[in-house]
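Written below as structure tokens is the structure these notes are about.
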Amino acid sequence: MNPRVFLSAMWLGLFAASLGAVVPVGAQEPPEFEQFEEEFGDVSESTQPVHTFDPLRGYNRFMFQFNDRFYFWLAKPLARGYGFLVPKAGRVAIRRGFHNLGFPLRFVNCLLQIKFGKAGVELGRFAVNSTVGLGGLLDPAEAWLDWNRPGEEDFGQTLGFYGLGDGFPIVLPILGSTNLRDGVGMAPNFLLSPVYYVADFETNFAVTAGGEFNYVSLHIGEYETIKKDALDPYAFIRDAYKQNRDQKIRE
């Protein structure tokens, strides 16, 4: 294993994961930003009081502050530089391509949750966008056939669908906000990545981190807005995450 390659990929992945997990969005976005909205939902709907069992509150608040500083001191400057070098249209196309690669995860979890209609749309979109859409860089399935993205699905949602509670909130170093159930679901989520089976560890890590890095470069400034407007950013993001995950499980 080349240490320089590994360290470069590691830092890229840490940066990407931090912003992707920490920043919720409430503003309406174009279709290529739907995953971001689907993770955290509408900010206006997330401001209702939520009674959350949070036994790790002290640790979580400490880790939230750690991730906050990581964002401002490292993630944001790097993302600004990347955004300056790569035009937005190119970053949006790259984001579409990585979304297309996430087809196995969404498709399998649609089947496990008996959402056969969504599974069919996912399959059709993948077939069209992987061919005519140049590997997903374009989205002719939506533009020509009106097959819109049906929404994100993962193993955390599947576990919730079968009645497993979320446990309690956990803020992971760099990875940000999650809960016990969704944390357990991270392992099978990772195993359904196509890159995992066609590349060595270093390449897999670098490609995955690069995709997330590209994604978060499209959302600079949103975390600042949440932090400025929320009386308690930690509690706001924690409760918004829980509300949205509960809603997705009910759908």
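Values quoted throughout were computed directly from the atomic coordinates according to the rules given, and no laboratory measurement underlies them. Predicted model, so just to flag it, every value in this text is computed and none were measured. Here the Cβ is made from the backbone with ideal geometry for all residues, glycine too, and neighbour counts use every protein chain on show.
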* Amide H partners (placed H, <5 Å) of residue 172, local residues excluded -> 177, 178
* Structure fact -> Here, region 51-100 modelled as identical Cα point scatterers in vacuum has Debye log10 I(q)/I(0) at q = 0.15, 0.20, 0.22 Å⁻¹ of -0.66, -0.77, -0.81
* Asked: Kirkwood hydrodynamic radius of region 159-209 from all distinct Cα pairs, in Å?
  -> 12.5
* Distance-filtered residues of region 64-79 - backbone nitrogen under 18 Å, label point 7 angstrom along residue 224 Cα→Cβ -> 68-79
* Asked: In Å, what Rg and Dmax follow from the Cα atoms of region 122-176?
  -> 16.6, 44
* Asked: Karplus couplings for region 143-159 from phi (6.51 cos²θ - 1.76 cosθ + 1.60, θ = phi - 60°), rounded to Hz, Gly and Pro as x?
  -> 5, 9, 10, 6, 8, 6, 4, x, x, 6, 9, 8, 6, x, 5, 4, 4
* Asked: Listing 215, 59 from the residue with the fewest other Cβ atoms within 10 Å to the one with the most, what is the order?
  -> 59, 215
* Structure fact -> Residues 186, 63 in order from fewest to most other beta-carbon atoms within 10 Å are 186, 63
* Structure fact -> A convex hull over the alpha carbons of region 63-190 yields, per residue, a volume in Å³ of 113
* Using only the Cα atoms of region 122-238, what do you get for the radius of gyration and for Dmax, in Å? -> 17.4, 47
